[in-house]
Amino acid sequence: RMPQTPPFAAMFDSSGYNRNLYQSKEDNCGELYYHDNNLLSGSLEALIQHLVPNVDYYPDRTYIFTFLLSSRLFVHPYELMAKVCQLCIEQQKLSEPGLDKNWIQKIAPKILQLLTEWTETFPYDFRDERMMRNLKELAQRIASGDEMYRKNVQQLLQTLIRKLAAVSQYEEVLAKIDATSTDRLTILKTKPQSIQRDIITVCNDPYVLAQQLTHIELERLHYIGPEEFIQAFVQKDPLNNDKSCYGDRKKTRNLEAYVEWFNRLSYLVATEICMPVKKKHRARMIEYFIDVARECFNIGNFNSLMAIISGMNMSPVSRLKKTWAKVKTAKFYILEHQMDPSSNFYNYRTALRGATQRSLTAHSNREKIVIPFFSLLIKDIYFLNEGCANRLPNGHVNFEKFWELAKQVSEFMTWKQVECPFERDWKILQYLLTVPVFSDDALYLASYESESPENHIEKDRWKTLRFVSEV
């Protein structure tokens with residue numbers, strides 16, 4: 001039987017430290033430092049040893065996740081995998097002929113479980129051929145002893161290959177979507193009404209649009225690897241000055257694609273509001289997006305909510321005073337208040353906690369949805385990373401810091417695993433993902449044409465923009 005591991009939500013207790021670290025393993029000559037049963041620091045070598053199971057010991061899941069997440073700041077995953085393989089061979093004497101079969105039956109499930117956790121939680125590490133080579137080599141050693149293990153190893157490799165194929169496919173789709181929207185943008189250089197329908201003609205129900213936005217959010221969240229949060233901040237390891245741990249292999253593509261989606265949605269909202277010639281149509285569009293944003297809030301989709309508010313707060317939109325005068329703004333101010341950045345986004349963080357609580361006791365996927373305001377999540381992780389050193393003065397890895405990092409990322413891992421409960425509408429999704437959006441200049445031009453410039457600065461800008469667009 002495989003050692004059983006709890007789901008992500010149960011991994012970290014409220015203090016962020018794990019209370020259940022097994023210390024039955026030798027303490028690596030005092031190279032791991034504990035306080036009140038919490039692992040606070042250790043040498044990199046001792047921490048790697050602590051990752052590798054033996055007959056009497058299997059590392060706790062919180063440790064596995066935290067170490068695999070943070071170790072890439074010090075050592076490339078393929079180097080870590082090579083060390084793990086080496087330790088397995090040394091400790092388990094797997095390389096010796098005539099090995100006691102009893103013994104391999106005790107240790108093989110544990111090594112297999114460690115490899116399963118690694119491939120399931122950090123599959124993108126294995127896009128590196130060196131990782132795959134090491135994985136197959138170690139898996140082969142386990143499998144050689146028993147038919148059952150051979151099947152398990154095969155299953156592990158098949159699952160991993162499926163995941164990697166899915167992410168490659170997803171990245172191809174993203175590239176196609178980008179190409180399509182770029183092609184369409186070349187047609188939409190000024191403001192021709194005939195080319196572009198507006199969003200209300202594609203989807204007149206704000207409730208449905210909020211659901212389709214949630215589809216896009218959850219799909220894009222799903223493909224972000226937890227390691228991307230850490231790789232975004234990789235710098236040189238002070239104990240190894242000549243190389244960055246990741247160098248040109250720093251991969252944060254899916255995380256970047258998600259941030260780009262936020263920006264696209266903001267500009268889409270601004271474009272849809274600035275495009276109509278008639279004031280009443282612009283006012284109707286603003287009210288429509290207020291309703292979409294409110295529904296996003298109810299769903300727990302804070303990222304789309306914040307993107308919509310950002311779009312409505314862009315200068316080309318906010319300057320349309322005559323248009324805003326026709327809008328019932330009370331609902332908008334309530335939403336703005338929820339996402340108010342003062343006191344470090346206190347209102348939003350309270351709402352996020354509420355949504356997180358709801359998701360923990362949820363009976364349906366609909367209630368499980370928590371889509372955080374992503375830029376703020378990245379910022380929190382960034383400041384946590386910047387605020388503490390990776391190494392202590394004695395050269396030990398500062399594991400206390402990495403518990404905190406892992407706690408934040410593990411919460412994200414729970415959120416990204418939710419299946420979207422709403423029905424897809426391909427026509428609406430296609431529109432949201434590929435319809436051309438105005439640049440800053442095009443937005444200002446559309447805005448000035450809708451409501452004339454009010455001061456010298458605006459008049460000068462309008463002249464310049466008109467001149468550029470006519471050239």
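The values are calculated or read from the model by the stated rules, or taken from the named source; none is laboratory data. Since the model is a prediction, treat every value here as computed from it, not as a measurement. Positions of Cβ are generated from backbone atoms using ideal geometry, with glycine treated the same way; all protein chains shown enter the neighbour counts. SASA here: full protein model, heavy atoms, side chains in, ligands and nucleic acids out. Shrake-Rupley method; radii C 1.70, N 1.55, O 1.52, S 1.80 Å.
Over the range 31-161, average the accessible area per residue using a 1.4 Å probe and give it in Å², no decimals.
Spelled out: the 1.4 Å probe surface of the range 31-161, per residue, equals 41 Å².
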Excluding ligands, DNA and RNA, the carbon-plus-sulfur percentage of the accessible area of the range 31-161 with a 1.4 Å probe reads 47 percent
Which value, in debye to the nearest 20, describes the size of the charge dipole of the range 371-471 about its Cα centre when Lys and Arg Cβ atoms bear +1, Asp and Glu Cβ atoms bear -1, and nothing else is charged?
360 debye
Please sort by residue number the GluC sites (Glu not before Pro) in the range 411-468 whose DSSP state is loop and whose Cβ has at most 12 other Cβ atoms within 10 Å.
419, 423, 454
Note, residue 139: beta-carbon cut-off 12 Å, +1 each Lys/Arg, -1 each Asp/Glu, net +4
